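One structure is given here, and the rest of the page talks about it.
The values are calculated or read from the model by the stated rules, or taken from the named source; none is laboratory data. None of these values were measured; they are calculated from a predicted model. Here Cβ is always computed from backbone atoms with ideal geometry, including for glycine, and neighbour counts include all displayed protein chains. Side chains are part of the model used for accessible areas, which takes the heavy atoms of the whole protein and leaves out ligands, DNA and RNA. Shrake-Rupley method; radii C 1.70, N 1.55, O 1.52, S 1.80 Å.
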Amino acid sequence: MNRAPMRRASLPAAHRPPDEEHHQRQHAAGFGEQDPRLVHAGDSSSLVGWLAAGRVAGLAAPVFRRTRAILLLAAITPAVCTAAQSLPLAPSQLPGWYDDSLAGLHRAIERQCALPHPPQPWPALCPNLPPAHALKGWLDAQFAAWPLVRENGAPGLLTGYYEPVVDGSRHREHDGQAPLYRRPPDLVRGPDGSRLRAAARPKTADSPDAAAAPDAAAASGLPASPGTVVSAKTLQPYPSRAEIETGRLLAGRELVWLDDPVEAFFLQIQGSGRVRLRDGGTMRVGFADHNGQPYYPIGRELVARGALAPEAVDAEAIKAWLRAHPAEAAAVMRRNRRYVFFRELPDGDDGPPGSLGVALTPLRSVATDPAQVPPGALLFIDSTHPDDGAPLRRAVLSQDRGAAITGAVRADLFWGADDAAGRLAGRTKQPLRMWLLWPKGLAKPVINPSSNRPASG
């Protein structure tokens, strides 16, 4: 089988099947953490600047690219792996603080403050939130910046995600379309968070058809609401992707039909998106639940088959291969047993809701590990742009989470909702330094860098 040509190493950050409540996401390629290969083009190190500018005379282009990648990584590693500082910084001391306009951050904070119960430490801060033009001075006066580090000193990792826009119709128009399904009524949650299938109520001559019941779980005496926990003794795991698709188990539960089965698969990975309808309207869809089956990254499957080189794996490469091999595509996608169900969301210009319950703001919202970073926390990231390695330094808010987003120095940046955002999200796999901005005088939350969970990629 032909191997795809080698490309710059990156993994799709358009990647997350949601968890039982909100957007939990995992990489569609998912090879685990790999070393980031780009650094700030404007780094003060002469070696870094020299290499980033491509000033290596006498090297053939392929050799130079490989050499530069190795040396750039070596050059940045000491900066990213700096040990934890005993004292915090003032925000104004952070690299690039004065270059960040904070555009959009005030609105993102306001959304958190509008929650019935804003996450800590915002309840005490929201009443004093200043106008947008005074935000930077207020943050510098009120907050201290604590560095987040990993115990082993390894670099942090920044990836990205986005809200895809795809084409489809409310009713099936041709055989090539693929459905997004509503949450099945026979899906129930076990006490351990597993997803189980409620037994259908037996039919009798004097009882109504089980299909006429409000839902199959209720017909079997088991509640099916997403928040309800039931005994798992007599229930079976919910069917896998292959079983759902080949057995047409959810016929009649279609929410919308997408023109491209590959985009339907990746929309499940993202967990939310917008569908351009044939009548000119738009349907916004978001995560409702999943089948509880294990997630498997199909990028790994394509490498195992010899279809893609590890260095070539990203969202664009995976999609291209699936479309070029329609006879094999379904089997490859079914290697991922996880299946995500959707609900229709109100339309609007705001971003999709994150796990915090507020609309995500492009380039201001990140997903982090809630075991390491307090939900709703203000952070500052120091990374690089996926296109040219230019500095990417900005204040962000932890407003989402993801199953693949683990570790203290790990963030997933929301890029927005269009094709350009998708391209950038799919390319983002950058080195990361990160600081927690916490109110002065308030005890800093305990963050455990010795967690056994590695920063995932």
Of the residues in the stretch 116-155, those that are over 19 Å from residue 434 (Cα atoms), in contact (Cβ under 8 Å) with a residue 40 or more places away in the chain and out of contact with any Pro (no Cβ under 9 Å at 6 or more places or on another chain) come to 118, 122
Can you name the number of the only condition in (1) open to solvent by less than 40 Å² (accessible area, probe 1.4 Å); (2) closer than 30 Å to residue 349 by Cβ that residue 150 fails? (2)
Return the only residue of 91, 119 being in contact with a Leu (Cβ under 6 Å, 6 or more places away or on another chain) and at pLDDT 95 or above. 91
Please go through the stretch 119-178 and give me each residue that is among the polar types (S, T, N, Q) and under 27 Å from the mean Cα position of the chain (by Cα), ordered by number. 120, 152, 159, 169, 177
Any idea which of (1) of a type in the set (A, V, I, L, M, F, W, C); (2) under 24 Å from residue 240 (Cβ atoms); (3) without any contact (Cβ under 8 Å) to a residue 60 or more places away in the chain; (4) buried (at least 24 other Cβ atoms within 10 Å of the Cβ) is the one residue 404 doesn't satisfy? (3)
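Which members of the stretch 238-275 meet the condition of being among the hydrophobic types (A, V, I, L, M, F, W, C) and either open to solvent by 40 Å² or more (accessible area, probe 1.4 Å) or more than 18 Å from residue 319 (Cβ to Cβ) (or both)?
Taking the stretch 238-275 first, the residues among the hydrophobic types (A, V, I, L, M, F, W, C) are 242, 244, 249-251, 255-258, 262, 264-267, 269, 275.
Answer for the stretch 238-275, where residues must be among the hydrophobic types (A, V, I, L, M, F, W, C) and either open to solvent by 40 Å² or more (accessible area, probe 1.4 Å) or more than 18 Å from residue 319 (Cβ to Cβ) (or both): 242, 244, 249, 250, 251, 255, 256, 257.
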Collect the residues in the stretch 322-345 that are among the hydrophobic types (A, V, I, L, M, F, W, C) and under 23 Å from residue 240 (Cα atoms), keeping them in residue-number order. 322, 327, 329, 330, 331, 332, 333, 340, 341, 342
Those residues that are under 18 Å from the mean Cα position of the chain (by Cα) and among the hydrophobic types (A, V, I, L, M, F, W, C), I need them from the stretch 267-295; list them, please. 267, 269, 285, 287, 288
I'd like the full set of residues that are open to solvent by 30 Å² or more (accessible area, probe 1.4 Å), in contact (Cβ under 8 Å) with a residue 12 or more places away in the chain and aliphatic (A, V, I, L, M), limited to the stretch 94-115. 114, 115
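Checking the condition open to solvent by less than 30 Å² (accessible area, probe 1.4 Å), farther than 30 Å from residue 351 by Cβ, at pLDDT below 55 and over 25 Å from the mean Cα position of the chain (by Cα), which residue from 224, 232, 211, 219 passes? If you could, list the steps in order and put the result at the bottom.
Working: 224 fails: farther than 30 Å from residue 351 by Cβ; 232 fails: open to solvent by less than 30 Å² (accessible area, probe 1.4 Å); 211 fails: open to solvent by less than 30 Å² (accessible area, probe 1.4 Å).
Checking each option against the conditions leaves just 219.
I need the strands (runs of 3 or more DSSP E) fully contained in the stretch 89-182, keeping only those with at least 3 residues that are among the aliphatic types (A, V, I, L, M).
On the way: elements: 143-148, 156-161, 165-169, 178-181.
Once the strands (runs of 3 or more DSSP E) in the stretch 89-182 are filtered for at least 3 residues that are among the aliphatic types (A, V, I, L, M), what remains is 143-148.
Go over the candidates 315, 331 one by one and state the one that is more than 20 Å from the chain's Cα centre (by Cα) and of a type in the set (A, V, I, L, M, F, W, C).
Sole residue among the options that is more than 20 Å from the chain's Cα centre (by Cα) and of a type in the set (A, V, I, L, M, F, W, C): 331.
Name the residue that is surrounded by the most Cβ atoms within 10 Å (Cβ to Cβ), counting only residues in the stretch 407-420 that are more than 25 Å from residue 97 (Cβ to Cβ) and in contact (Cβ under 8 Å) with a residue 12 or more places away in the chain.
Only one residue fits best here, namely 417.
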Could you list, in sequence order, all residues of the stretch 250-265 that are farther than 18 Å from residue 282 by Cβ, hydrophobic (A, V, I, L, M, F, W, C) and in contact (Cβ under 8 Å) with a residue 40 or more places away in the chain? 250, 262, 265
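Test residue 172 against the criterion of being closer than 30 Å to residue 282 by Cα, open to solvent by less than 50 Å² (accessible area, probe 1.4 Å), in contact (Cβ under 8 Å) with a residue 40 or more places away in the chain and among the charged types (D, E, K, R), and give yes or no. Even if it seems obvious, please write down each step before you answer.
Details: closer than 30 Å to residue 282 by Cα: yes; open to solvent by less than 50 Å² (accessible area, probe 1.4 Å): no; in contact (Cβ under 8 Å) with a residue 40 or more places away in the chain: yes; among the charged types (D, E, K, R): yes.
Taking the combined requirement at face value, the residue does not satisfy it.
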